[in-house]
Structures are given as C-alpha cells and as structure tokens.
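Colleague: Dumping the structure here so I can ask a few things about it.
Any read-out appearing in this document is the output of simple, stated calculations on the displayed coordinates, not a laboratory observation. The shown structure was predicted, so the numbers you read here are calculated from the model rather than taken from an experiment. Note that we place each Cβ from the backbone using ideal geometry, even for glycine, and neighbour counts take in every protein chain shown.
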Amino acid sequence: ERSCIVFLLSLRKSGDVEACLHFYHHMIDVCADKVSFYSLAIVVEGLCRKGEIERAKSLMNGSSGKGIKPNVVCYNSLLGALIRNGNFADVTDMLLEMDALGLDKNVATYTLLIDGLSKRDQVADAETYFEEMMRKEVEPDLYVYTSMIDGNCKAGKMRRACNLFDECIEKGLKPNERTYGALINGLCKAGQMEAALEMLKDMQSNGVDVNQIILNSLIDGYCRKGRLDDAVKMQAIIEKKGFELDSYTYSTLASGLCKLKRTNEAKKLLFVMEEKGIKHTTVTYTAMINISCKEGDLSEAKRIFHKMQIDGVPPSAVTFNALIDGFCKEGSLKEAQTLRDEMRKKNLAADVFTYTSLIHGHCIFGKVSDGLNLFGEMLEKGVVPTIVTYTALISGLSKEGRSDEAFQLYDKMIEEGLTPD
RNA sequence: AACCACGAAUUAUCGUUC
C-alpha cells in the first residue's frame, strides 16, 4: 500500500482528484484487504478541498462497507471543509456522528474547532474546547496554542493571549514564527507597538528569524497609528533583508496613506505594485476602489470595479461595501441600491457595513424613514447593529425633529450594551 | 523502530468641523 499512497498523494497534489479517486477504487478492486484508512483519508481530503463534501461522505460510507473504516483524519477533513463554508450546524452533527462511532477528537480536530470558532468571534466557545481537550488529556501543541493566542488577540483579550503564550513555554513548547506572529500582530492591532517590538526582540533572541508576515504586521500597526514614517522604515528593513514587498505590504501602506487623505501617494503605490508585476487581488482592487471613492471619483471607482471582474478577480462583500458607501456619501442612493441587488445576485450577504452605509446615506439625505426600514431589515436578518449604525440613525432622527424616536433608539442601544463614545 | 494522510500568524469597507 505504501507505494500506492505515495502515488495517491502525488495525484492529489497535481489537483486531479478524479484520478486519485479512480486509482483508489482500482486499489480496492485489486486487493481490498490491503487498503487502509490511510489511502481513504488522502482521497477524502482531496475531495473536501474541492468542496465535494457529499462525495467525500459517500466515499466514506462506501469504504466502510468494504471494511475500510474512516478514522479521525477523514472526519477532520470533512470538518475543515464545513468550517470553511461556515456551516457550523453540520459541524455539530458531524461531531455527534464521531461520538456515536466512538471516534475521539485528536489535536488537529481541536485546532480546527478552536480556530474556526475564534474566527467567528466565538472565543468563549473556543475556550470550552480548549478546556475539554485538557480534561480528555489531549495535549495542546503549538498549533492549538497559536490558534488560542490568535483568537484571544482578535477578541481584544491581550492579557489572556500573553498568558497562553507564557503557558505554552512553561509546557516546554518552543513558540515558532506563527506563534510569535499571532501575538505580535495582536499587539500591533491593539496599538501596543513598543510591546510588539519587544516580542520581536524576544523572538530573535530565541533563534526565530523575522519574516515578511511579521514585518507586514508591524507596518500595519504603524499605519493604524498614522505613523507612516515608521511604517516606511519597516519597509526598508524588508528590502534590506532581501524580502520583496508583497501585495499585503502594498495594500497596508496604501490604506494607511488613504486614511491620512494622501490618496495620490496611495494610488501611486499601487501602480508601483502593478509595475513590479505583483498581481492584483480582491483586496488590492478593493483598496483602489476605496481610494477613488474617498476622492469622490465614483466613475473611476466603477471603472476599477469592472476592470477587476474582467481580470477574473471576484469582488467581495467588502468591495461592494466600499462602493456602496461611496455612492451613499455622494447621495446616489439609487445606485447604492442597485449595487446591493447585484450583491444579492452574487450570493454575497449584506453585513453590518453594508447596512450602516446605506442607513447613513439615507439619513443624511433626508430619507430617515427609509433608514429605519433598512434598520428593521437588518435586525430581521440577524445582522447586529453597532454604535456606528445607531449614531447614523439617531442623528438623522434628531435632525428631522423626531427626537422621541431618537431617544427611544438611544435607550434600545444602551439596552444592547452599547456605550456612546 | 523510522517515514507517509487532517489543523495555526499579516492586508481592503461604516458614524465623530456635537
């Protein structure tokens, strides 16, 4: 089977899952009793990466009937695909199925769950799984710690993140570039640049080299503080180290410049990127669109929006949000609505940014009632308003003299636990 | 015995000349 596994892996690596599946069936035809869950797991993972979850499941069922029992790795592949699709309802079912089969979660299962929950802003649930794995004596490794540190950083729980970092060292684990990267990035986002630089030193003294990703985090931290000079210094360090600036570096710097209203420099930077032959992504195109919107050049924004699609780069919800906001601020509410419909056609869900921009636009152009309708719609869809949403509505209502409603909304906002700032 | 399957870090979008 060993040589067959190597072959299966190479087929999967080449992206030809069908051939992989075919060969797997061939292996079973020739000598089913020599095929193990190892081979099955390789094919299942291949199918899952292509999003073919149903086929992966039926392959597992079929193999099970032939005496090849799917193991936890097969289930991890399925779980990974479901989590990528944001399908947590099925994740729960899958976990129950594993339980029923008596399959225990391994450390990779816990990493998938902890990471998936963290990315959905459910760190508390991630912590529950972290506790569960300790209780079941599945030793958390660096992957788990890195996910936990990252999740807590993103939830603003920097103390917890730092404690986890210390804890993993106490356990004898050696933080690697990703572990340091997660913490340094968290510190940068929290505006704690001195602490971030200290971690960087600590990292280097522990024999872990700086890499591009970490430098990009630091650049982003400086950009958020408006310290473009320091950001550019980091850029010089990147180049001195022999790294190339990548599309992350460029879009970070461009958005930093844009926020300082230095839109010309921002645009120039993205042109430099193009000239260097770095390919545009959804993010870089969106940054360009946003820059044009902020300049009030909506026709240029639309031109880029079309260009990206011709280039085969798909717009994301963020792309639409940037454009919608641009049109709303200009008072082209009709155009904004059209984009919203187009979003729907592309199966992109309107999020809190979409609604807040639309609400704000309607409120400042004297259509507060439409704003309230949109507000009702977002609540219906389970989109949670933020302080920004409420501010737009409340100021719109007050301006029209509808102060009773404004106060009502204010009270509702307080009830939701939001504090005015 | 060793080896081979699954998991972790960076960028874009909303209010505040009250």
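Colleague: Could you size up the charge dipole of chain A around its Cα centre, putting +1 on the beta carbon of Lys and Arg and -1 on that of Asp and Glu, and report it in debye to the nearest 20?
Modeller: Its charge dipole is roughly 1020 debye.
Colleague: Specify the inter-centroid distance of region A:386-421 and region A:181-196, based on alpha-carbon positions, in whole Å.
Modeller: Cα centres, region A:386-421 to region A:181-196: 33 Å.
Colleague: Moving on. Ratio of Rg to Rh for region A:64-142, alpha carbon only, Kirkwood?
Modeller: 0.97
Colleague: Send over the semi-axes of region A:357-421's equivalent ellipsoid, whole angstrom and largest first, taken as the square roots of 5 times the C-alpha gyration tensor eigenvalues.
Modeller: Computed over region A:357-421, the values are 16, 15, 10 Å.
Colleague: Could you name the lysines in cross-link range of A:K157, using Cα to Cα under 17 Å and dropping any fewer than eight places away on the same chain?
Modeller: The reachable lysines, counting only those whose Cα sits under 17 Å from A:K157, are A:K119, A:K189.
Colleague: Short version: ³J(HN,Hα) in whole Hz for each residue of region A:244-254, in order, from phi by Karplus 6.51 cos²θ - 1.76 cosθ + 1.60 (θ = phi - 60°), x for Gly and Pro, what are they?
Modeller: Values per residue, Gly and Pro as x: 9, 5, 10, 5, 5, 4, 5, 6, 4, 5, 5 Hz.
Colleague: If you don't mind, there's one more thing I want to ask. At most 16 other Cβ atoms within 10 Å and a DSSP loop assignment: could you name the trypsin sites (Lys or Arg not before Pro) in region A:1-98 that fit?
Modeller: A:K50, A:K66
Colleague: For A:A89 and A:E377, compute 0.36 nm times the residue count separating them, minus their Cα-Cα distance, and round to one decimal in nm.
Modeller: Extra length from A:A89 to A:E377 when fully extended: 101.3 nm.
Colleague: I need A:F271, A:F7 ordered by Cβ neighbour count within 10 Å, fewest first.
Modeller: Starting with the residue having the fewest Cβ neighbours, the order is A:F271, A:F7.
Colleague: In whole Hz, with x marking every Gly and Pro, tabulate ³J(HN,Hα) for region A:45-57 from phi via Karplus 6.51 cos²θ - 1.76 cosθ + 1.60, θ = phi - 60°.
Modeller: Running phi through 6.51 cos²θ - 1.76 cosθ + 1.60 with θ = phi - 60° gives 4, x, 5, 5, 5, 8, x, 8, 5, 4, 5, 4, 4 Hz.
Colleague: A further question follows. A:F243 to A:K50: extension gain in nm, 0.36 nm per residue of separation minus the Cα-Cα distance?
Modeller: Length gained, A:F243 through A:K50: 66.3 nm.
Colleague: Okay, moving on. Cut-off is 10 Å between beta-carbons; in what order do A:S357, A:S63 appear when sorted fewest neighbours first?
Modeller: The order, fewest Cβ neighbours first, is A:S63, A:S357.
Colleague: On to the next question. Taking only the alpha carbons of region A:177-255, what extent do you get along each of the three principal axes, in Å, biggest first?
Modeller: Projected onto the principal axes, the Cα atoms of region A:177-255 cover 32, 28, 18 Å.
Colleague: Based on the alpha-carbon gyration tensor of region A:330-379 and its eigenvalue square roots a ≥ b ≥ c, which shape applies: rounded if a/c is under 1.5, prolate if not and a/b is larger than b/c, or oblate?
Modeller: Oblate.
Colleague: Label A:A236 and A:Q408 with points 7 Å out from Cα along Cα→Cβ: what is the distance between them in nm?
Modeller: Each label point lies 7 Å from its Cα, and together they span 6.0 nm.
Colleague: Hey, what number do you get for chain A at 222 nm if only DSSP H runs of n ≥ 4 count, each worth -39500 (n - 2.57), divided across all residues, to the nearest 500?
Modeller: It lands at -24000 deg cm²/dmol.
Colleague: PRE reach from A:D421 (point 7 Å along Cα→Cβ): which of region A:193-236 fall under 19 Å by backbone N?
Modeller: Under cut-off, by backbone N: A:193, A:221-227.
Colleague: Turning to a different aspect of this structure: Once the Cβ-Cβ distance between A:H26 and A:E170 is put in as r, and R0 is 51 Å, what FRET efficiency do you end up with, to the nearest 0.05?
Modeller: Here the calculated transfer efficiency is 0.50.
Colleague: What pairs from A:K13/A:K174; A:K345/A:K367; A:K294/A:K346; A:K294/A:K367; A:K268/A:K334 go past 28 Å between their alpha carbons?
Modeller: A:K13/A:K174; A:K268/A:K334
Colleague: Calculate the all-directions average of the projected area of region A:265-322's alpha-carbon convex hull, and give it in nm².
Modeller: Hull-based average projected area comes out at 3.6 nm².
Colleague: Another one. What is the gain in length, in nm to one decimal, between A:D341 and A:D229 on full extension, counting 0.36 nm per residue of separation less the C-alpha to C-alpha distance?
Modeller: Once the chain is fully extended between A:D341 and A:D229, it gains 36.2 nm.
Colleague: Just how many % of Cα pairs in chain A lie over 38 Å apart, if you round to the nearest whole percent?
Modeller: Summing the P(r) of chain A above 38 Å gives 37 percent of all pairs.
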